[in-house]
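Since the structure comes first, as structure tokens, the remarks are kept for the end.
The values are calculated or read from the model by the stated rules, or taken from the named source; none is laboratory data. All figures in this text were calculated on a predicted structure; none of them were measured in a lab. No Cβ is skipped: glycine too gets one built from the backbone with ideal geometry, and neighbour counts run over all protein chains shown.
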Amino acid sequence: MSKNLKIFLGVSYLLILFYFLYFIFTSIEVNRLDDFLYYKEIQSDLETYISTNTLTNVIYFFVFSVIWVTLLGFGSPILIISGILFGQIIGTLISLFSISIGALILYSIGNFFFRDLVKSLLEKKFNKYIQLFQKNEFFYFFIYRFIGGLGIPFGLQNLIPILFGMKKINYFFASFFGFIPGFFIINTIGAGLNNYISVADSFSMIDLIFTPEIYLPIIMFSILMFFSIIIKKKFFDDTN
């Protein structure tokens, strides 16, 4: 049963990925990739398309994001795209709920079908964190999400709690609240990129970097990373 499900998930993920890539590459005019006006046209078309039926498009994007994360997809592209398509606030909310739910589904599937496999592959490597999480799973998993998962790839981050049997309700809310700062910042960058493309007449890297909608969230992200390093040393270093 677990083997069949594993094959199904793998095939489903590949089909979704190939369809997404096919859609992207068949929609792109490769010969115009160096033309800034081309990106302005795409931005304008997307804005018009989204605004014609915002609720439906939000639902589509939400469902896609949940499936994407459930099938071990990366989180960062979802954050940037949600900021571009839906703006700072709505984009943050969509990505928070969809990625938190997708991660919870992935954790539930992994914990039910692949618990022994995950433990055999990961328990030795992450053993130093298991006892720490068991002290207060909500608090430490919240910190773990807040600091970006200790640099562990996102799909793998979502499976680590299998090692200490985390409660699903704690998993969801610790993820949701831990995600907020990073998700807000990255969605803000996405929204800033969208705004820059819509108002600029030509592309300039210097102008882009010094656009308030870009450099302010980058500064915020740098501050978040600084505090993340401090928090990591305090709570997760081998010396503690």
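The residue list L121, L104 contains one member that is surrounded by 15 or more Cβ atoms within 10 Å (Cβ to Cβ) and either of a type in the set (A, V, I, L, M, F, W, C) or under 20 Å from S12 (Cα atoms) (or both), which is L104. Looking only at region 129-136, decide whether some residue is out of contact with any Cys (no Cβ under 7 Å at 6 or more places or on another chain) and under 25 Å from V66 (Cα atoms). No: region 129-136 contains no residue that is out of contact with any Cys (no Cβ under 7 Å at 6 or more places or on another chain) and under 25 Å from V66 (Cα atoms). Scanning region 147-169 for residues that are modelled with pLDDT of 85 or more, more than 13 Å from the chain's Cα centre (by Cα) and not hydrophobic (A, V, I, L, M, F, W, C) yields P161, K167, K168.
How about region 159-179: which of its residues are touching a Ser or Thr at 6+ places or on another chain (Cβ under 8 Å) and either under 26 Å from F221 (Cα atoms) or of a type in the set (A, V, I, L, M, F, W, C) (or both)? Passing the criteria: F172, S175, F176, F179.
Considering L79, L132, L85, which residue is farther than 30 Å from N194 by Cβ, out of contact with any His (no Cβ under 9 Å at 6 or more places or on another chain) and touching a residue at least 24 places away in the same chain (Cβ under 8 Å)? The match here is L132. Among the conditions (1) farther than 27 Å from N111 by Cβ; (2) surrounded by fewer than 16 Cβ atoms within 10 Å (Cβ to Cβ), the only one that N136 does not satisfy is (1).
Looking across region 139-148 at every residue that is buried (at least 17 other Cβ atoms within 10 Å of the Cβ) and of a type outside the set (V, I, T), the one that is farthest from F173 (Cα to Cα) is identified as G148. Screening D201 against (1) more than 29 Å from L159 (Cβ to Cβ); (2) in a helix (DSSP H, G or I) leaves a single unmet condition, (2). Determine, yes or no, whether I189 is β-branched (V, I, T), crowded, with 20+ Cβ neighbours inside 10 Å and within 21 Å of the chain's Cα centre (by Cα). Answer is yes for this residue. Evaluated against (1) farther than 25 Å from N4 by Cα; (2) without any contact (Cβ under 8 Å) to a residue 24 or more places away in the chain, L121 falls short on exactly one condition, (1).
Okay, residues lined up against (1) at pLDDT 75 or above; (2) surrounded by 14 or more Cβ atoms within 10 Å (Cβ to Cβ):
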{"residue": "S27", "(1), (2)": "no, no"}
{"residue": "D34", "(1), (2)": "no, no"}
{"residue": "K40", "(1), (2)": "yes, yes"}
{"residue": "S51", "(1), (2)": "yes, no"}
{"residue": "N57", "(1), (2)": "yes, yes"}
{"residue": "V69", "(1), (2)": "yes, yes"}
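Might you let me know whether region 153-170 holds any residue that is at negative phi, touching a Lys or Arg at 6+ places or on another chain (Cβ under 7 Å) and either assigned to a helix (DSSP H, G or I) or in contact (Cβ under 8 Å) with a residue 24 or more places away in the chain (or both)? Yes, that holds for at least one residue.
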